[in-house]
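The values are calculated or read from the model by the stated rules, or taken from the named source; none is laboratory data. Everything numeric here is computed off the predicted structure, so don't read it as measured data. Because the Cβ atoms are built from the backbone with ideal geometry, glycine has one as well, and the counts that use them run over all protein chains shown.
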Amino acid sequence: MLHKPARAANIGATARAMKVMGFTRLVLVAPGAPLDGEATAVAHGAHDVLEQAVVVDDLETALRGATIVVGTTARQGKDRMTPVKLRRFVTDVLPAYLPALLAVVFGCEESGLANEDLDRCQFAVEIPTGPLFHSLNLAQAVMVVCYELLTSAPAACSTPPT
């Protein structure tokens, strides 16, 4: 689930990354970019994921029906939920909640998820990065999460995450 994605290219790249990992349910919350030719060009081979994407106005609507909600973040702070490393979450935490309808929420490219967005999640996860730079491209982050789910928690993939 992409919350307020700003760039059509990132939406298209996300669709492609998801499909490569076997996921097809893409939810866009208040996108700031249209699903135009740029999104389609970058989605190469995943046009169906774009065409079937669900677009909603707010996070509350997007999360209806989800039984476990996970927010992704690289930011930390005293007023923010403490994130769990992605692999630990997928291997040690998630299995206790299965079967579940999993929603994974990714924030906008510029600022990620706000505190109030993370407050709607039961868990926050972070993707470990090297020491030089901690912010992944949106589609790269989606692909890493999908990869971890596919390889470390295949039972979670019977109902594809959003």
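When Leu94, Leu136 are screened for being within 17 Å of the chain's Cα centre (by Cα), of a type outside the set (Gly, Ala, Ser), in a helix (DSSP H, G or I) and at pLDDT below 95, only Leu94 passes.
Of the residues Asp48, Asp57, Asp36, the single one that is modelled with pLDDT under 95, out of contact with any Phe, Trp or Tyr (no Cβ under 6 Å at 6 or more places or on another chain) and surrounded by fewer than 14 Cβ atoms within 10 Å (Cβ to Cβ) is Asp36. Residue count for region 22-47, restricted to those that are among the charged types (D, E, K, R) and over 14 Å from the mean Cα position of the chain (by Cα): 2.
Looking only at region 69-80, decide whether some residue is surrounded by fewer than 17 Cβ atoms within 10 Å (Cβ to Cβ) and part of a helix (DSSP H, G or I). No, that holds for no residue. A single member of Pro31, Pro83 is more than 26 Å from Pro154 (Cβ to Cβ), surrounded by 20 or more Cβ atoms within 10 Å (Cβ to Cβ) and touching a residue at least 24 places away in the same chain (Cβ under 8 Å), and it is Pro31.
The rows are residues; the columns are (1) farther than 21 Å from Val145 by Cβ; (2) of a type in the set (D, E, K, R).
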| site | (1), (2) |
| --- | --- |
| Glu38 | yes, yes |
| Ala43 | no, no |
| Asp48 | no, yes |
| Glu51 | yes, yes |
| Asp57 | yes, yes |
| Ala62 | no, no |
| Ala66 | no, no |
| Thr73 | no, no |
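Remark: pairs (first residue in region 7-26, on the phi > 0 side of the Ramachandran plot; second residue in a helix (DSSP H, G or I) and not hydroxyl-bearing (Ser, Thr, Tyr); Cβ separation under 9 Å; 6+ apart in sequence or on different chains) = Gly22/Cys146; Gly22/Leu150; Gly22/Cys157.
Any residue at all in region 18-36 that's assigned to a helix (DSSP H, G or I) and acidic (Asp, Glu)? No: zero hits.
On the stretch given as region 102-133, residues that are assigned to a strand (DSSP E or B) and among the β-branched types (Val, Ile, Thr) total 3.
Could you check, for region 92-104, whether at least one of its residues is acidic (Asp, Glu) and surrounded by 14 or more Cβ atoms within 10 Å (Cβ to Cβ)? For region 92-104, residues acidic (Asp, Glu) and surrounded by 14 or more Cβ atoms within 10 Å (Cβ to Cβ): absent.
So for region 12-27 (the condition being polar (S, T, N, Q) and either in contact with an Asp or Glu (Cβ under 8 Å, 6 or more places away or on another chain) or closer than 16 Å to Val104 by Cβ (or both)), does at least one residue qualify? Checked against the condition, which is being polar (S, T, N, Q) and either in contact with an Asp or Glu (Cβ under 8 Å, 6 or more places away or on another chain) or closer than 16 Å to Val104 by Cβ (or both), region 12-27 yields at least one hit.
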